[in-house]
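The values are calculated or read from the model by the stated rules, or taken from the named source; none is laboratory data. Values in this document were obtained by computation on a predicted structure and should not be read as measured data. Using ideal geometry, Cβ is built from the backbone for each residue, glycine included, and neighbour counts are taken over all protein chains shown.
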Amino acid sequence: MLHTSGREMTSSVQTYNIENHPVLRAAQAVPRWCASRTHAEALTTIANAVEYKKGYACIFGERGSGKTAVLNAYAAHAWRGYVRAIQVDGRSGGYTEFIQVILERLRINTQGKESRWLRRRLQLAAQLHFAKDKPLALLIDDAQALDDEVLSQLHLLIDSSAGQESVMQIVLAGTAELDTRLRSPILAPVNQRIAARTVLTPIEYDQRIDFIHKLLTHKSMAPGYDLPQRTLRRIARKSRGNPGELVALTRQALRRLHAKTHPRLLHARGNRQLT
């Protein structure tokens, strides 16, 4: 599901052929990337928003819906291209701490500096990157955890003298709580600048099965094991199309399978943990 505000953005489906979008090629190598329609639309929405240099894009979805995987996929794409992507957790603290984290990711010393200097230094760094045609893209995960002060001050980071273009692009990824807060009067200046919004919806049943097969080949999941079709169908149904649930349920199924095939090894590990 894809939403846009105003005439700044067009649907990524109309702008690109999603299946052949270059950003999706980088996504295939990202662990836990779910190659579903809703995730492809979210990823191409980010790419379009950053390319148009309009300032803000938002991704909304419930916990485990794949927001972090989308940000990771875009960061992998940006690393290969013309954008400097910086990923930040929304739980980084207050406004000063938040700016410090970003500057440290840019390898800029922040020790002993006050809030005004930090903000000005980040604006300068963004302008320098913009002038070199390699703009900064700030990817904020768990953005619903940001307090109102940080959210309301974000527009100060992207303001510039570059006409209608923003020197820094900001992508907010969060739950429905973030969407509700952005529509409040106190955050109206931020909400008005959002060029594109996209919502991650549950993935289709067939795509759930494909995602489980991809998980089974990943090294963190004990590759080499193959789950029965009945188990795959049960996981797909129980997950309700939530990628995070698919990961958790697949891990549980693999642990049970491992316990059946290696009961002595599991018993020995349990004894070591007890001692």
> What number of residues within the range 73-131 are out of contact with any Leu (no Cβ under 9 Å at 6 or more places or on another chain) and polar (S, T, N, Q)?
Replying inline: 3
> Counting only residues that are among the polar types (S, T, N, Q) and not in a helix (DSSP H, G or I), which one in the range 23-77 is nearest to residue 173 (Cα to Cα)?
Replying inline: 65
>> As an exercise: evaluate residue 206 against (1) surrounded by 12 or more Cβ atoms within 10 Å (Cβ to Cβ); (2) at pLDDT 90 or above; (3) assigned to a helix (DSSP H, G or I) and give the number of the one condition it does not meet.
In response: (1)
> Looking only at the range 97-125, which residues are over 21 Å from the mean Cα position of the chain (by Cα), aliphatic (A, V, I, L, M) and assigned to a helix (DSSP H, G or I)?
Replying inline: 118, 122, 124, 125
> Yes or no: residue 74 aromatic (Phe, Trp, Tyr), within 29 Å of residue 26 (Cα to Cα) and crowded, with 18+ Cβ neighbours inside 10 Å?
Replying inline: yes
>> Condition first: hydrophobic (A, V, I, L, M, F, W, C), at pLDDT 90 or above and either assigned to a helix (DSSP H, G or I) or surrounded by 15 or more Cβ atoms within 10 Å (Cβ to Cβ) (or both). Can you find one or more residues in the range 126-135 that meet it?
In response: no
